[in-house]
1. If the requirement is being modelled with pLDDT under 95 and at negative phi, which of these qualifies: Asp31, Asp14?
2. Applying the selection to segment 12-32, what residues are assigned to a helix (DSSP H, G or I) and closer than 17 Å to Gly61 by Cβ?
3. Among Asp89, Asp79, Asp83, which is in a loop (DSSP other than H, G, I, E, B), out of contact with any Asp or Glu (no Cβ under 8 Å at 6 or more places or on another chain) and modelled with pLDDT of 95 or more?
4. Suppose we keep only residues that are without any contact (Cβ under 8 Å) to a residue 12 or more places away in the chain and of a type outside the set (Lys, Arg) within segment 44-64. Which one would you say is surrounded by the fewest Cβ atoms within 10 Å (Cβ to Cβ)?
5. Test Val55 against the stated conditions and say whether it is over 15 Å from Tyr10 (Cα atoms) and hydrophobic (A, V, I, L, M, F, W, C).
6. Can you tell me which of (1) under 19 Å from Asp89 (Cα atoms); (2) in a loop (DSSP other than H, G, I, E, B) is the one Ile9 doesn't meet?
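The values are calculated or read from the model by the stated rules, or taken from the named source; none is laboratory data. For clarity, every value in this text was computed on a predicted model and none was experimentally measured. Cβ placement follows ideal geometry from the backbone for every residue including glycine, while neighbour counts extend to all protein chains displayed.
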Amino acid sequence: MASPPWKNIYNLSDDQLRNLDEAENLIEMMDLSKAESILLEMKTASPNCIPVLNVLAHMYGRHLSDFESAVEYYTLVLDIEPDNAWARDERRKYSRYLSYD
């Protein structure tokens, strides 16, 4: 497999890159069940894989309106990588939907 056009800072394997790309394409096509299946399988194999956790969080928050799960996944990212600005901002955004007055 050719190298991605971005720096692979998480040292993802070719299989991980391929599966992540497939899951993201499935999300774009709104085949969320299949995308979720691929991502959860990847998470089981590599529970601390930041890209997988981020994509899961994004899918749950933006496409499934499961804000609680989105916040949980972004929290996992921040537990591993506390300086991850993307995860911090997205977690804050989805946390607002969970706040009740």
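1. Going through Asp31, Asp14 in turn, the sole match is Asp14.
2. Ala23, Glu24, Leu26, Ile27, Glu28, Leu32
3. So the residue among Asp89, Asp79, Asp83 that is in a loop (DSSP other than H, G, I, E, B), out of contact with any Asp or Glu (no Cβ under 8 Å at 6 or more places or on another chain) and modelled with pLDDT of 95 or more is Asp83.
4. Of everything passing the filter in segment 44-64, Thr44 is surrounded by the fewest Cβ atoms within 10 Å (Cβ to Cβ).
5. No.
6. (1)
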